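These notes are about the structure you will find just below.
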Amino acid sequence: MLFKLTGEQRMIQTMAREFSRKVVAATAVERDRTKEFPAENLKQMGELGLMGMMIPFEYEGSGADTVSYVLALSEIAYSCASTAVVMSVHNSIVCESIYRWGNDTQKDKYLKSLAAGSKIGAFALTEPEAGSDPVKQITSAVRDGDEYVLNGVKRFITTGQNAGLVIVTAVTDEAKRHRGISAFLVNKGTPGFKVGHTEDKLGLRASDTTDLLFEDCRIPASDLLGAEGDGFKIAMTALDCGRIGIAAQSIGVATAAFDAAVKYAKSRAQFGQKISKFQALRFMLADMATEIEAARQLMFSAAATKDRGENFTLQASMAKLYASEMVNRVTAKALQMHGGYGFTKDYPVERYYRDARVFTIYEGTSEIQRVVISNSILKDKRKP
Ligand code: CAA
């Protein structure tokens, strides 16, 4: 391996792998069928320090670096992509944003329960008419004395139903476009805040994806995250972190599909020999392994750049783009190698194939990643 892990990083990886393969894997297939939220797993992950990984000890987080975090996240994704996406949004988007942009009171108030996993976080940016172009959002937040009044609809919110805390972006000054968007910390149970429609999805079925409805929802002005007008920057910074997480999830699912393909190729016989003897399949495995390794190095590069405190927007988008497209190729090949069995629920590859499909879509489509990457190369920003 090109990227040399420290002893601590390896220890965290081993701990997450053991937990994932013993505990998370045990119920993953059933969860995919029933769509049951992995509450018990997440509780245990909180106890293991996996829910506030990059949050310092001061706020009862694990004080780990981003490299350790992506290793752990990949391990969880190996067994259950639904559990992994909840972990990813919670750690990379919610906890990191509060730590980076919150004041001392907000950090004290929210980070400890989030890091413990007793409260799960969600992030509400997308709206029915504002997906790839979040500047077009119309959810409003109007200041009224010591409160803000929120009105609007958010869509496709990961953990919308099960989150105890949501970072919600809303327009505070329409004339200022992206500089008129602000971010708010909204607690579950706040009057005027309701969960709307829950999506029935192709994959990630145990992770709930919902609409969130705000009708004259009053929140204290003290729950404004950052300053008024910081919301878009908070969202973009959060998505940079989140995109490294999507790369990690992709690598976890791809590795699981690859391992399943190797196992099957070694056990299945046709034409009088194991199918692993056929060059067509051997070459498929060679390509799969090479692409997984390439994605892993891009993920490490993005995580290590972030850990050095440098700007990592470009590296995060490259890792997300390549890894999410890679996992779609790898899971398709793994399914193909299983023949007709791959298309059934008797083998795990059909679940990997379905779960992988959204990775090129959420937290910025592949097309948006190419916008970010090309803008960075050419340094003359082009609109999508
Ligand atoms: N970090 C910090 N600031 C950033 C930034 C970054 N990575 N990218 C842009 N900004 C800032 C710019 O500096 C600029 O600020 P100033 O004008 O104050 O200097 C401001 O943001 C606007 O920048 P742009 O003009 O480049 O913005 P744009 O409107 O052209 O959009 C975009 C850029 C990359 C297309 C962006 O809109 C984008 O990322 N879109 C995709 C949105 C997305 O990923 N949605 C996913 C939903 S969340 C989700 O899926 C989570 C989940 O639940 C799983």
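Sequence-ordered 3J(HN,Hα) estimates for the range 271-282 from the Karplus curve with 6.51, -1.76 and 1.60 and θ = phi - 60° stand at 6, x, 8, 4, 5, 5, 7, 7, 5, 4, 6, 4 Hz, glycine and proline given as x. Distance from the C-alpha centroid of the range 329-384 to that of the range 236-262: 10 Å, rounded to the whole angstrom.
Projecting label points 7 angstrom from Cα along Cα→Cβ for Glu147 and Arg100 puts them 3.1 nm apart.
With Rh defined as the Kirkwood radius, the inverse of the mean 1/r over Cα pairs, the Rg/Rh of the range 330-384 is 1.27. Among the chymotrypsin sites (Phe, Trp or Tyr not before Pro) in the range 105-194, none is located in a DSSP loop while being surrounded by at most 10 other Cβ atoms within 10 Å of its own Cβ.
Simple spin-label estimate for Glu18 and Lys43 gives 2.2 nm between the two label positions (7 Å along the Cα-to-Cβ direction from each Cα).
Note on Phe283 and Asp216: the extension gain reaches 18.2 nm, defined as 0.36 nm multiplied by sequence separation minus the Cα-Cα distance. Who wins for biggest fluctuation among Gly231, Gly309, Gly102 in a Gaussian network model of the chain, springs between alpha carbons below 10 Å? Between Gly231, Gly309, Gly102, it is Gly309 that shows the largest mean-square fluctuation. Between Ala221, Ala84, Ala247, the GNM of the chain built on Cα springs shorter than 10 angstrom shows Ala221 fluctuating the most.
Between Glu8 and Glu60, residue separation times 0.36 nm minus the direct Cα-Cα distance comes to 16.9 nm.
Pairs exceeding a 18 Å alpha-carbon distance, out of Lys263/Lys333; Lys22/Lys274; Lys136/Lys233; Lys201/Lys233; Lys136/Lys176: Lys22/Lys274; Lys201/Lys233. Proximity of backbone amide H atoms, modeled 1.01 Å from N, is registered between Phe156 and Thr210, Asp211 at under 5 Å, excluding neighbours fewer than 5 places apart on the same chain.
Under a Gaussian network description of the chain, with springs only between Cα atoms under 10 Å, the residue in Phe312, Phe57, Phe359 that fluctuates furthest is Phe57. Looking at the square roots a ≥ b ≥ c of the eigenvalues of the Cα gyration tensor of the range 194-271, which shape do they give, rounded for a/c under 1.5, prolate if a/b is larger than b/c, or oblate? Oblate shape, in that a/c is at least 1.5 and b/c is the bigger or equal ratio. Distance between the 7 Å Cα→Cβ label points at Asp346 and Asp380: 5.9 nm. Of interest is the spacing of the C-alpha centroids, which for the range 16-49 and the range 54-132 amounts to 17 Å. Have a look at Ile181, Leu150, Ala163 and report the one farthest towards the positive end of the charge dipole of the range 149-282, computed about the Cα centre with Cβ charges (Lys/Arg +1, Asp/Glu -1). Result: Ala163, furthest along the dipole toward the positive end. Rounded if a/c is under 1.5, else prolate if a/b beats b/c, else oblate: with a ≥ b ≥ c from the C-alpha gyration tensor eigenvalues square-rooted, which is the chain? Since a/c reaches 1.5 and a/b is larger than b/c, the shape of the chain is classed as prolate.
In this structure, the residue pairs whose Cα-Cα separation is over 21 Å, taken from Lys43/Lys345; Lys119/Lys188; Lys43/Lys306; Lys43/Lys112; Lys43/Lys109, are Lys43/Lys345; Lys43/Lys306. When the GluC sites (Glu not before Pro) in the range 284-384 are filtered for DSSP coil states and for at most 15 other beta-carbon atoms within 10 Å of their beta-carbon, the remaining sites are Glu310.
Each reported figure results from applying straightforward, stated rules to the coordinates on display, with no laboratory input. Model, not experiment: these values are computed from the prediction. Glycine also receives a Cβ, built like all others from the backbone with ideal geometry; neighbour counts cover every protein chain displayed.
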